[in-house]
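A short reminder: the numbers here are calculations on the coordinates, not readings from a lab. From a predicted model like this one, the values you see are computed outputs, not experimental measurements. Cβ sites come from the backbone with ideal geometry, for glycine too, and all protein chains shown count toward neighbours.
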Amino acid sequence: MDDRIAEPWGPRTPYGPGPAIERFAASLPGWLRDLLPGEPGRRSAWPVRVDMFLQDGIAESDVEEWVQAASILHSNGDAMDIAVSGGRIVGVRGRAGDRVNHGRLDPKDLYGWQADSSPDRLTRPLVREDGKLVETDWDTAMGRIVARSKELLAEPGGWGRFGFYTSGQLFLEEYYTLGVIGKAGIGTPHMDGNTRLCTATAAAALKASFGTDGQPGSYTDVDHCDAIALWGHNVAETQVVLWERMLDRRRGPRPPAMIAVDPRQTPVAREADVHLAVRPGTNLALMNALIHRLIERGWYDERYVRRHTLGFEELRRTVAECTPQWAARICDVPVRLIEQAAEILGSCDRLLSTVLQGFYQSNQATAAACQVNNIHLLRGMLGRPGAGLYQMNGQPTAQNTRETGADGDLPGMRNWDNPEHVRQLAELWNVDASVIPHWAPPTHALQIFRHAEQGSIKLLWISATNPAVSLPDLARIRRILGKEDLFTVVQDIFLTETARLADVVLPAATWGEKQGTFTSVDRTVHLSDRAVDPPGEARSDLDIFLDYARRMGFRDRAGAPLVKWHDPESAFEAWKACSAGRPCDYTGITYDLLRGGSGVQWPCTRSAPRGTERLYAGGRFNTDPDYCETYGHDLATGAEYDARHYRALEPRGRAFLQAAPYEPSPEVPSEDYPMTLTTGRTVYHFHTRTKTGRTPQLNDAAPEPWVEISPGDAHTLGVTEGDLLHVESPRGRLEARARVCGTRPGVVFVPFHYGYWDLDAPGPGEGAGRAANELTITSWDPVSKQPIYKVAAVRVGKAAPSGGTPSAAPTTGAAAPADPNVPATTGGSAAAVSSRISDHLSSRLPDRPGET
């Protein structure tokens with residue numbers, strides 16, 4: 001039994017290439033090496049390790065039924081089975097035969113399900129009466145929403161009075177239904193998700209380089225690569241099982257080299273061969289210098305670049321003066337480390353790159369993420385085993401939000417500026433094309449809240465997200481949500497900080513209580529079945545959206561119901577029709593195909609009935625003008641290019657090498673605010689702790705926020721471990737205890753998870769806050785419109801001494817303390833997890849996606 005609080009990454013199962021066949025492979029030309037078979041002959045498979053956690057007092061023999069599902073508390077897509085006994089969820093175990101996790105589970109997977117039975121679950125609708133939320137019935141709650149909706153639609157331009165702000169945690173079928181309601185029922189362009197906060201830059205960078213969204217790589221690229229570069233990605237704490245796969249490769253024969261770019265001493269940084277602790281906001285300067293060195297040394301595939309890309313000369317000109325010495329001054333890192341990183345990138349045979357919030361939520365986000373794409377294009381490292389690229393997602397179903405149009409994009413990765421794509425949707429839904437909003441770019445999340453602030457949006461429907469904790473400049477967000485003239489609907493499982501400000505609160509079912517599909521980072525689609533009934537009168541999000549569509553009487557041109565499906569599977573079939581012929585083609589996937597075996601990667605079609613492991617294997621990209629998802633942007637200003645400009649480029653299936661010069665962050669340290677704040681995650685919590693804060697093992701491991709500060713800065717400020725610090729920006733103030741640890745000098749880190757729902761925590765306006773977003777700026781990337789959370793100017797001071805009490809920050813991850821006397825984070829017997837390692841099960845894993 002393992003304590004997976006004390007050891008979040010569990011026991012190691014090393015693996016790697018078989019030495020004899022690898023020596024033979026190394027003697028062959030690269031094109032011939034790529035024709036060799038994969039794991040069965042050339043490399044050993046990642047061993048199976050089945051993790052299981054059952055409620056105290058429950059033995060495996062007590063489990064009456066195992067119901068298949070996948071993780072809903074991170075984006076890795078770990079497949080699992082839900083243990084059911086007596087009509088209750090009593091535990092989980094990993095699915096040994098799944099292609100994603102081979103049986104392993106993240107600590108949040110293992111323990112987080114316990115929050116579903118928390119006594120403060122919402123079980124009945126709530127409406128606001130005399131300033132207070134009171135319980136009511138569904139007819140009353142939905143009646144109020146429908147009445148206000150019809151009032152607004154009766155006004156001229158009433159469609160523009162609606163805003164929908166959703167999540168990255170619902171199911172595909174729910175997002176698609178919401179997308180159809182918003183785009184064809186109401187016709188509003190004001191739709192987005194909290195995926196804008198975590199994954200919008202991933203989509204923007206993929207579109208900019210390759211023509212459409214969709215991750216090129218596969219998780220199995222970890223098994224084949226000889227170098228791994230993690231660009232602003234603390235994978236050890238955000239996608240634990242993916243990190244375990246990387247660690248197991250690093251512990252096996254012929255381990256891959258590793259590069260980490262992060263201002264903090266994360267577990268990834270401590271493991272890496274080269275750690276580039278760049279100054280926050282300078283990612284693009286670093287990337288331009290690395291590309292400068294690749295071009296200068298001839299470390300690129302000239303033939304691939306000539307045949308399969310556009311923009312090389314412009315890229316060469318842009319980085320011509322971006323030497324490692326230049327970048328070292330801007331980024332404040334040693335020149336030798338930049339040169340070492342460039343040599344790894346230029347000499348490896350199979351590079352795997354992963355990108356996440358350190359790039360996405362920082363200055364020049366899309367431009368920096370595109371440079372990672374550029375490295376793979378320059379080296380011709382796409383579409384073959386080990387040459388993988390993950391522009392990562394932060395949430396479990398973020399990919400589905402983007403695919404289905406619930407985030408503002410058109411469903412099926414269609415181009416809002418392409419009349420033919422709009423016509424296709426109008427024909428599919430049998431509505432007039434003029435109803436579907438396509439006359440301007442979709443409205444992004446921060447602009448939706450600005451419209452609500454200005455009074456043009458009158459009804460804001462928020463589902464499965466908590467913007468009163470997660471958006472920047474929280475004092476402003478609370479003022480907006482509290483406006484008298486804004487009718488706010490919140491659909492959630494708990495009375496979150498946001499729900500407390502709503503006019504109507506709808507109790508939703510959650511994972512394990514409903515059925516649907518969702519898609520992980522490497523395009524693997526999983527089915528999650530219903531294991532138990534939701535509590536009280538709670539309903540699935542799909543049922544709520546279907547009920548709203550029915551009560552509103554949305555109709556197509558023939559007078560038939562606009563939304564023609566009635567349950568998850570029929571909604572999935574409707575989505576398949578929408579996806580047909582598009583990059584995310586699901587037409588070959590059925591619930592039966594997903595049941596009992598492994599997940600399946602899209603595109604899955606008649607010609608690829610088991611799914612598609614990697615994209616762009618032939619060097620042809622989705623950039624044809626009639627097929628692409630965007631006509632592009634100016635990376636510096638975000639200005640949209642039109643179809644005429646795009647067609648003049650004559651892409652002909654070639655990828656774009658995107659170029660942009662470095663510019664300083666919109667907010668930099670000053671005399672009044674001399675330090676830089678960056679925010680992020682810990683391994684034990686997910687987003688605003690709606691579930692993880694109600695899970696004993698996870699909450700006990702990280703019960704309150706903290707401020708990470710370097711030993712040097714701590715000495716200068718007279719701060720010791722556990723001192724109560726105040727951190728101030730021009731927008732707000734928070735107080736939390738100090739954790740003296742390995743962040744870079746001049747930088748402080750605060751986890752963003754913590755809000756005010758704890759009964760013992762101060763509420764807004766009651767002294768200093770504890771939410772990191774009290775301090776962050778309302779500014780966003782010009783292309784992806786993703787907020788800049790990683791760069792804010794702050795000042796730090798000591799509010800009170802510790803009295804010898806250390807911070808409650810975990811000791812296991814990036815917050816590992818400099819003081820060796822700080823007690824280690826443990827979970828004890830309550831966190832005991834069984835892990836069964838079974839080498840022989842590896843031979844029963846699918847050889848291809850979808851094979852069972």
Treating the Cα atoms of the stretch 592-737 as identical point scatterers in vacuum, please give the log10 of the normalised Debye intensity I(q)/I(0) at q = 0.14, 0.21 Å⁻¹, two decimals.
-0.97, -1.29
Per residue of the stretch 446-453, what does 6.51 cos²θ - 1.76 cosθ + 1.60 with θ = phi - 60° give for ³J(HN,Hα)? Whole Hz please, x for Gly and Pro, Karplus curve as stated.
5, 6, 4, 5, 5, 4, 5, 5
With only helices counted (DSSP H, runs n ≥ 4, each -39500 (n - 2.57)), the per-residue ellipticity at 222 nm for the chain, to the nearest 500, works out to -7500 deg cm²/dmol
DSSP-loop GluC sites (Glu not before Pro) across the stretch 460-548, with at most 16 other Cβ within 10 angstrom
Glu484, Glu537
Rg ratio (alpha-carbon, reference 2.2 N^0.38 Å) - the chain
0.89
If amide H atoms are modeled at 1.01 Å from N in the peptide plane, then the residues at a separation of 5 or more from Ser353, or on another chain, having amide H under 5 Å from its own are Ala229, Gly388, Leu389, Tyr390
Under 5 Å, built H, 5+ apart or other chain: amide partners of Asp819
none
Give the lysines reachable from Lys132 as a straight Cα distance under 25 Å; neighbours fewer than 8 places away on the same chain don't count.
Lys150, Lys458, Lys483, Lys691
Which of the three applies to the stretch 342-401, rounded, prolate or oblate, going by the alpha-carbon gyration tensor with a ≥ b ≥ c and a/c under 1.5 meaning rounded?
oblate
Taking 0.36 nm per residue of separation between Asp485 and Leu428 and subtracting their Cα-Cα distance, the length gained on full extension comes to 16.9 nm
Hits among lysines - C-alpha to C-alpha of Lys207 under 21 Å, sequence gap 8 or more where chains match:
Lys785
Once phi is turned into ³J(HN,Hα) by the Karplus curve 6.51 cos²θ - 1.76 cosθ + 1.60 with θ = phi - 60°, what whole-Hz value does each residue of the stretch 301-312 show in order, with x for glycine and proline?
8, 4, 5, 5, 4, 5, 7, 10, 9, 10, x, 5
Once R0 is set to 35 Å, what does the formula 1/(1 + (r/R0)^6) return for the Cβ-Cβ distance between Ala639 and Glu321, expressed as a FRET efficiency to the nearest 0.05?
0.90
Reachable lysines, given that their alpha-carbon falls under 19 Å from the alpha-carbon of Lys576 and they are not under 8 places away in the same chain:
Lys183, Lys564
Per principal axis, descending, Cα span of the stretch 675-819 in whole Å
44, 35, 30
With Kirkwood's inverse mean 1/r over C-alpha pairs for Rh, give me the Rg to Rh ratio of the stretch 64-159, two decimals please.
1.21
Take each of the peptides 498-504, 717-723, average the number of other beta-carbon atoms within 10 Å over its residues, and list them starting from the highest.
498-504, 717-723
